[in-house]
There are 2 protein chains.
Amino acid sequence: MDSKIVNLRSKMEVYKAISGGGNFANCPVRDVIQGVSGKWSSLLMMALTEKPYRFGELRRLVPDISQRMLTQTLHDLQRDGYVHREVFPTKPPSVEYSLTDLGHSMFGALHQLILWAELNHDAVRDARSGFDAMQA
Amino acid sequence: MDSKIVNLRSKMEVYKAISGGGNFANCPVRDVIQGVSGKWSSLLMMALTEKPYRFGELRRLVPDISQRMLTQTLHDLQRDGYVHREVFPTKPPSVEYSLTDLGHSMFGALHQLILWAELNHDAVRDARSGFDAMQA
DNA sequence: AGTGCTGGTCTCTTTTTGAGACTGCCACTC
DNA sequence: GAGTGGCAGTCTCAAAAAGAGACCAGCACT
């Protein structure tokens, strides 16, 4: 029993998804996973799921992100259409970041992975320490 | 309407998940996402979902991965308990990689994201080219 | 004796990340 | 009117990670 997923994909379907059908730059899976894969992307998406945040708020919410990476990650998320950036002309101009519909939709899928991570983190940690013990 | 996800998590819950409750090294989300986030991890998991593969087969299946990264990614996946590595004492010894139960379980969650990626790739690409046009 | 397959490791270069100093603007305080 | 602090970044430089590709041992076949 190779899990239900196998029933959904033939060998060629898997290969096509992996390789992008020969056009690697255009492979959906790689392209989208790449966006999530950043060290900070998923964390920022999680935060913005709750409510829009300003630059400085996000910085405080994720204390160990550098300003440079916060700027860049938000920029990338905006470019991919997940995040909306709005500047308010207040005295010190403030910038608010919020999830777009596409962002919410994407997070719905990502959320499955987050839930799994929370549920199975112990199993992963055990596997890891077991593996490390073997090597030693 | 901030999507149903908001109903599932209070501000503190989000923060705890993001920060790992102050223990950053131990944050489940970061820890697991980190594993998926590698450029090749999800691709190899997809391939192994179908059936076990040998080193050289994987290399041919994902043509633009370097041997170094294939070795290392498989090693990491094995360490996290997603992949099982078995050496067969054939004439030129062959090595087979297969998904563990944990790996299958994890891929189930990851699969949601893959499906989303395939469905919404066009939207992401449109957002991206629109954004790039704005900047130009 | 040469070729090719196996599953890797080693070294070198390029790319990506991270830490943190620096900027310009404004408001408030002394 | 000089200093302090918050805002949203940019810039530079060092460190870490990824990628390319040469190299390795062992065996089989020719």
(request) Every other copy gets compared here: list the nm distances from the A:Pro63 label point (7 Å along Cα to Cβ) to its counterparts, shortest first, one decimal. (result) 5.0
(message) What does the copy distance list look like for A:Ala123, label position 7 Å along Cα→Cβ, in nm and ordered from shortest?
(response) 3.0
(request) Run a plain Debye calculation on region B:41-135 (Cα atoms as equal point scatterers, no solvent) and give log10 I(q)/I(0) at q = 0.25 Å⁻¹, rounded to two decimals, same order as the q list. (result) -1.25
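So between B:Ala123 and B:Gln67, what do we pick up on full extension, going 0.36 nm a residue minus the alpha carbon distance? Can you show the working numbers first?
Numbers: separation 56, 0.36 × 56 = 20.16 nm, distance 3.35 nm.
Length gained between B:Ala123 and B:Gln67: 16.8 nm.
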(request) Go through B:Leu58, B:Ala133, B:Leu102 and say which Cα lies farthest out towards the positive end of the charge dipole of region B:38-136; charges sit on Cβ, +1 for Lys and Arg, -1 for Asp and Glu. (result) B:Leu58
(message) Run the reach check for A:Lys91 against aspartates and glutamates, Cα to Cα strictly under 18 Å, same-chain hits fewer than 8 apart removed. What comes back?
(response) A:Glu57
(request) Measure out, as a whole number of angstrom, how far apart the alpha-carbon centroids of region A:57-136 and region B:69-102 sit. (result) 30
(message) Stokes-Einstein diffusion coefficient for region A:94-136 at 4 °C in a medium of 1.567 mPa s, Rh from the Kirkwood formula over Cα pairs: what value in µm²/s?
(response) 99
(message) Taking a point 7 Å out from Cα toward Cβ as the label site, list the nm distances between B:Pro93 and the same residue in every other copy, smallest first.
(response) 6.3
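Rule-based calculations on the coordinates, nothing more; no lab input. The shown structure was predicted, so the numbers you read here are calculated from the model rather than taken from an experiment. Reconstructed Cβ throughout: ideal geometry from the backbone, glycine too, with neighbour counts over all protein chains shown.
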